[in-house]
Amino acid sequence: MTQPWHQLRNSLNNSRLATLENDTDYEDLLHQRLIRELDENALRGFEPDQRRDLVERAARTVAADVFPQLVGDGKEEVVARVVDEIVGLGPIEPLLRDASISEVMVNAPDEVYYERDGVIYEADVVFRDDAHVMRVIDRIVATIGRHVDEASPMVDARLQDGSRVNVIIPPLVPKSPVLTIRKFRQDRLTLDDLCSIGTVTPEMGELLAACVKAKLNIVVSGGTGTGKTTLLNALSAFLGQRERIVTIEDPLELKLQQRHVISLEARPPSVEGKGEVTQRELVRNALRMRPDRILVGEVRGAEAFDMLQAMNTGHEGSLTTVHANSPRDALGRIEQMVMMAGFDLPIAAIREQMASALHVIIQIARLADGTRRVVHLTEVAGMEGALVTLQDIFSFRQAGIDADGRVLGDLKPTGIRPAFADRLAAYGIGLEHDIFDTGRWR
C-alpha cells in the first residue's frame, strides 16, 4: 500500500505561492492543501499515534515543496499546529497533552483557560473565530454519533481517553460557543498518593481502607471538581479481589484494579428523544447481576432510592458520590433525590432508610489555595427523634493562610469512637495508629 504522504507529494503541482504575511497564512494554506490531498478514509485505519505520524510527515513534505522559505523553528510550529488541527482538537491539543492540566475551558475564540493544581490560568492559544471553535466541537460530538445545533444546543460527550466534554452554543450563550473539557487522568492516584499530597492523613487513610474492607456503605460528598471520583477510585483499591463488582456511571470514569468488574454506563436519548437508559434503570438491573459491591459513580436523581434499598437488603459495602457542601447537606440531597423517585413516602421513613443504610460520609473540599482535602470524616450514627444524627470522626481545622496564599490547618481525629468500631473488629481489622480515646483499636 502506497503511504499517504507519498500520494500527497506525487499529486502536488510545482507552483509556488506568493509572499505570505504571517504564520497564520502558512497554516491556513498548508491545512487546506492537506485536507484536499490526504485520504481521510485511509487514515482512519491507523492507530492515533500512527495517524499523527503520517500526517506530520505529509505536512513536512508539503512545507518543503511548496513553502521553501519556511524553515527552522517557525516551520516546526506551523507543522505542529496544522497536525493538531487535522488529527487533534486544534489550538487546545497541546493543553490536552499536558498531564499537569486537569481542565480546559474555551469561553470564546480568544478566551481559553485551563486549570492546573486547582488554579485557573489564561492560555496563550486562540481560535480564529467562532466557526473554528464549532469545527472542533463538531469533531468531538461526531465520534459519539451526536450533533449540536440550535435545536440541540447542549451536548455531553466523551473523548477517546475518557475525558468529559460539555458543549453549549448560541443562542443559549449569546457571545460564542463554550467548550469545557475535564481531562481523564491516565495515572490513577492511590490512597498513598493522596496521603503524600495532603488530601488525607496517613491515620485517616488507614481508617478509610479499613471501612472499605469491612463493607461499610460510604458516601463521598463534595462540590464540583473537588476530587470525589479520584478519592472513590483510590478507595476501590481495597475491594476484595474475589468479589463481583458492578459500577454504574455517567460517563465511565472509574478504573478499578480488580479483575471481576462489570461497568455499566447510562445512555442519553437519541436526537429523536428515544433510547435513553437512566442510572436508576442500571441500578435496578445491577441488583439482578449478583453483585457483591455496587459502586455508583455519582448519584444524581431517583436512583438514590434504589441505591438505599440495595444497601438495606444485603448489598453492603456500596460506595457512591454526591454533590454537597457538608455531610448534613449530603443527607439532605439524598433525601430530595429519593423523593424524586415518585413514591409518596413520609420524610421520617426516608430518613430511617438513610440512617440504616449509610455508615460513613467523607466530605472533600477544594480550599482557597486550590488544594483538595478531606475536611470531614463523619459517621451516620442513627436516628434521634425525626433527625438523622451525625458525628465527626475526623475534622479539618483551618489555622489561617500563609504569605504564599497556602491554607494552614490540620485534619485531626475528634477522639470519638465510632459505632462501627465493633464491626471492624468482627472483620479482624485492626489499626496501627491509636486514633481514638479508648485504645481498643490495637
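Some notes on this structure:
- Hits in segment 347-386 - residues which are under 24 Å from Gly223 (Cα atoms), out of contact with any Ser or Thr (no Cβ under 9 Å at 6 or more places or on another chain) and among the hydrophobic types (A, V, I, L, M, F, W, C): Ile350, Met354, Leu358, Leu367, Ala368
- Per-region count, segment 268-307, residues over 24 Å from the mean Cα position of the chain (by Cα), aliphatic (A, V, I, L, M) and farther than 22 Å from Leu256 by Cβ: 1
- Single unsatisfied condition, Thr378 versus (1) in contact with a strand residue (DSSP E or B) (Cβ under 6 Å, 6 or more places away or on another chain); (2) part of a strand (DSSP E or B); (3) surrounded by fewer than 22 Cβ atoms within 10 Å (Cβ to Cβ); (4) touching a residue at least 24 places away in the same chain (Cβ under 8 Å): (3)
- Tally, over segment 211-244, of residues that are in contact with a helix residue (DSSP H, G or I) (Cβ under 6 Å, 6 or more places away or on another chain), assigned to a helix (DSSP H, G or I) and farther than 19 Å from Pro327 by Cβ: 3
- Count of residues meeting criterion [more than 19 Å from Leu235 (Cα to Cα), of a type outside the set (A, V, I, L, M, F, W, C) and touching an Asp or Glu at 6+ places or on another chain (Cβ under 7 Å)] in segment 358-387: 1
- Among the residues of segment 251-267, those that are within 18 Å of Arg185 (Cβ to Cβ) and touching a Gly at 6+ places or on another chain (Cβ under 7 Å) comprise Leu252, Glu253, Leu254.
- Subset of segment 179-228 (residues that are within 20 Å of the chain's Cα centre (by Cα), among the small types (Gly, Ala, Ser) and crowded, with 16+ Cβ neighbours inside 10 Å): Ser221, Gly222, Gly227
- Scanning segment 134-152 for residues that are modelled with pLDDT of 85 or more and of a type in the set (Val, Ile, Thr) turns up Val136, Ile137, Ile140, Val141, Val148.
- Condition check for Asp392: assigned to a strand (DSSP E or B), under 31 Å from the mean Cα position of the chain (by Cα), over 26 Å from Ile347 (Cβ atoms) and among the charged types (D, E, K, R): no
- Sole exception among (1) closer than 24 Å to Gly162 by Cα; (2) without any contact (Cβ under 8 Å) to a residue 60 or more places away in the chain for Met289, by number: (1)
- Verdict on Leu254 being in a loop (DSSP other than H, G, I, E, B), touching a helix residue (DSSP H, G or I) at 6+ places or on another chain (Cβ under 7 Å), surrounded by 17 or more Cβ atoms within 10 Å (Cβ to Cβ) and free of Cβ contacts under 8 Å to residues at least 60 places away in the same chain: yes
- For segment 261-283, a residue qualifies if it is surrounded by 15 or more Cβ atoms within 10 Å (Cβ to Cβ) and over 25 Å from Asp329 (Cβ atoms), and the qualifying residues are Val261, Ser263, Leu264, Glu265, Pro268, Val277, Glu281, Leu282.
- Filter result for Val155 (at pLDDT 95 or above and either touching a helix residue (DSSP H, G or I) at 6+ places or on another chain (Cβ under 9 Å) or not assigned by TED's automatic domain parsing to the domain that holds Ser395 (or both)): no
The values are calculated or read from the model by the stated rules, or taken from the named source; none is laboratory data. All values reported here derive from a predicted model rather than from experimental measurement. So basically every Cβ, Gly included, is an ideal-geometry build from the backbone, and we count neighbours across all protein chains shown.
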